[in-house]
Amino acid sequence: RKYAVETLCINEAIFSASHFQNIPNLLRINRGEYIHLSQLSADPEKLLPIVDHLKSLLTFSNHVSALRLYNDKKITCRLIGVSTPILLFSLIQFFYSDQFNLSRYPKICLVGHSETGNRTTGVTSEIIRYIMEKDSPCSYAELYQHFVDKLGYEQMSVYNVHFNSQIIRYSGSVVVHLATLGWSEDKQAALEILAANHLNDRKSAGKPFGLISHLYDYMYDRLPELPDQISWTPTVIGELLCSEGKFRIIGTTRNAFVSVPNSLNIENLDDLLHYILDTEFDGAANIEQFIFDMREKGILKKSLTSMMLGIDSRVLIDGNVVKLARLSNSAEGT
């Protein structure tokens, strides 16, 4: 790339999009690093023990990670000059593309086993499918055992699955597919109405936020119906309630919530604590007592730190006192 861009004066974007991919016998060795096949003295027959092991792995699962294959055959790989999982993936892709589908690193599968219509699926799709086909809440421990320990994928591939819109948290270390919940637009609307009514009741009592725990403890029978094998959890209520962006959970207990938008313009923890300090504590309070009260209200789990409030916080922690920042500004101005 450096030679093409700096010496031949080829536009880098054009080189990457048009020329780079067409260079023959170029293998990827690492992220952003490539090597020409001629520099390896690669012999496809030396890969046969690795390929045979790959085929045996694929008799138990329709896909496996190049990381798992490399770790299983690390000594063999080193003996034939293969130093990284990415290079192993590239070599199998170069010599055995007629037998294996290697369209998306690090996933390897037999030809024809990863196609959904005309679209090749990645590991995230495989994890989502696994959770959906389980048809019940699925623990991260089970996902790690299957996709990391057994198939060799990275832990982050599993952890990040909860960011997919089809997957929600069921509890702290358990996820579930929306299809398993039999979730629908009508059920979403019913949950949102229940939450809005709860917020109105709280607002009438001078409380600017609702509690997931109240919906779970006192309104359980009014929650939308779930399949017989699935029970409501506070985590599921919060995840579904916030899924359409009309409500937002605030605080470290993941219990307090507000509607978005709301008449008091409360959008985050700083806004909520500012409102409570101003209306209930005359602007300042002993920090230990304040934290205790916020725990009782269902807002804080343990402590309160300046980092939790943000850079431009309107709430200031000063020694053993928590107060509105404008009070300090007023004091400095006098």
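Counting only helical runs of four or more DSSP H residues, what would the 222 nm mean residue ellipticity of the chain come to if each run contributes -39,500 (n - 2.57) and the total is spread over all its residues?
About -11000 deg cm²/dmol.
How many nm separate the modelled label positions at residue 320 and residue 186, each set 7 Å beyond the Cα in the direction of the Cβ?
Here the modelled spin labels are 5.9 nm apart.
Whenever you get a sec, compute what percent of the accessible area on segment 121-172 sits on carbon and sulfur atoms (1.4 Å probe).
Reported share for carbon and sulfur atoms: 49 percent.
Taking the Cα centre of segment 92-247 as origin and charging only Cβ (+1 Lys, Arg; -1 Asp, Glu), how large is the dipole, in debye to the nearest 20?
So the dipole magnitude of segment 92-247 works out to roughly 420 debye.
Using only Cα atoms, find the angle between the long axis of helix 123-134 and the longest principal axis of the chain, and express it within 0 to 90 degrees, rounded to the nearest 10.
Taking Cα atoms only, the helix is inclined about 60 degrees.
Running a GNM on the chain with Cα contacts under 10 Å, which residue among 157, 103, 38 ends up with the highest mean-square fluctuation?
Largest GNM mean-square fluctuation: 38.
So if each residue of separation counts as 0.36 nm, and I subtract the Cα-Cα distance between residue 292 and residue 327, what length gain in nm does that give?
Length gained between residue 292 and residue 327: 10.4 nm.
Within 10 Å, at most 11 other Cβ atoms, and a DSSP state outside H, G, I, E, B define an exposed site. Report the longest part of the chain free of exposed trypsin sites (Lys or Arg not before Pro).
Between the exposed loop sites, the longest stretch runs 32-301.
Which percent of Cα pairs goes in each bin when the distances of segment 262-334 are cut into 5 angstrom slices starting at zero?
Over segment 262-334, the share of Cα pairs per 5 Å bin runs 3, 16, 28, 29, 15, 6, 2, 0 percent.
Once the piece of chain linking residue 265 and residue 97 is laid out straight, how much longer is it, given 0.36 nm per residue of separation minus the C-alpha distance between them?
This chain segment gains 54.8 nm when fully extended.
Considering the chain as a Gaussian network with a 10 Å cut-off on Cα pairs, which listed residue, 261, 208, 137, attains the greatest mean-square fluctuation?
261
What fraction, in whole percent, of alpha-carbon pairs in segment 129-216 exceed 21 Å separation?
Tail of P(r) above 21 Å: 47 percent of Cα pairs.
What percent of all Cα-Cα pairs in the chain falls in each 10 Å bin, counting up from 0?
Computed distribution, short to long bins: 5, 19, 19, 17, 16, 15, 8, 1, 0.
Roughly how tilted is helix 287-297, in degrees to the nearest 10 and between 0 and 90, from the longest Cα axis of the chain?
Approximately 80 degrees, to the nearest ten.
Under a plain spin-label model, where a point goes 7 Å from the Cα along Cα-to-Cβ, how far apart in nm are residue 226 and residue 252?
Placing both labels 7 Å beyond Cα along the Cβ direction yields 2.7 nm.
Roughly speaking, what is the centre-to-centre gap between segment 145-217 and segment 257-334 when only Cα atoms are used, to the nearest Å?
27 Å
For segment 195-334, max minus min Cα coordinate along each principal axis, in Å, sorted largest first?
For segment 195-334, the Cα extents along the three principal axes come out at 64, 28, 26 Å.
Would you mind calculating the gained length between residue 218 and residue 46 on full extension (0.36 nm times residue separation, minus the Cα-Cα distance), in nm to one decimal?
55.2 nm
Scan segment 222-301 for GluC sites (Glu not before Pro) in coil per DSSP, keeping those whose Cβ has at most 16 other Cβ atoms within 10 Å, and list them by number.
Loop-located and lightly packed - 225, 244, 267.
If you line up the long axis of helix 185-204 against the longest principal axis of the chain, both from Cα atoms, how many degrees apart are they, to the nearest 10?
30 degrees
For the chain, what is the accessible area per residue in Å², given a 1.4 Å probe and the full set of protein chains?
55 Å²
If you put +1 on each Lys and Arg Cβ and -1 on each Asp and Glu Cβ, how big is the dipole of the chain around its Cα centre, in Debye rounded to 20?
Roughly 880 debye for the chain.
Once R0 is set to 30 Å, what does the formula 1/(1 + (r/R0)^6) return for the Cβ-Cβ distance between residue 110 and residue 179, expressed as a FRET efficiency to the nearest 0.05?
Efficiency for this residue pair is about 0.65.
Which of these, 133, 33, 154, has the largest mean-square fluctuation under a Gaussian network model of the chain (Cα springs below 10 Å)?
For the chain, modelled as a Gaussian network with Cα springs under 10 Å, the answer is 33.
What ³J(HN,Hα) values, in whole Hz, does the Karplus curve 6.51 cos²θ - 1.76 cosθ + 1.60 give for segment 165-174 when θ = phi - 60°, with x put for Gly and Pro?
So the Karplus estimates, Gly and Pro as x, are 5, 7, 10, 10, 6, 9, 8, x, 10, 9 Hz.
The values are calculated or read from the model by the stated rules, or taken from the named source; none is laboratory data. Note that the coordinates shown come from a computational prediction; the quantities given were computed from them, not determined experimentally. Note: ideal-geometry Cβ built from the backbone for every residue, glycine included; neighbour counts use all protein chains shown. Keep in mind that these areas ignore ligands, DNA and RNA; they rest on the heavy atoms of the full protein, side chains included. Shrake-Rupley method; radii C 1.70, N 1.55, O 1.52, S 1.80 Å.
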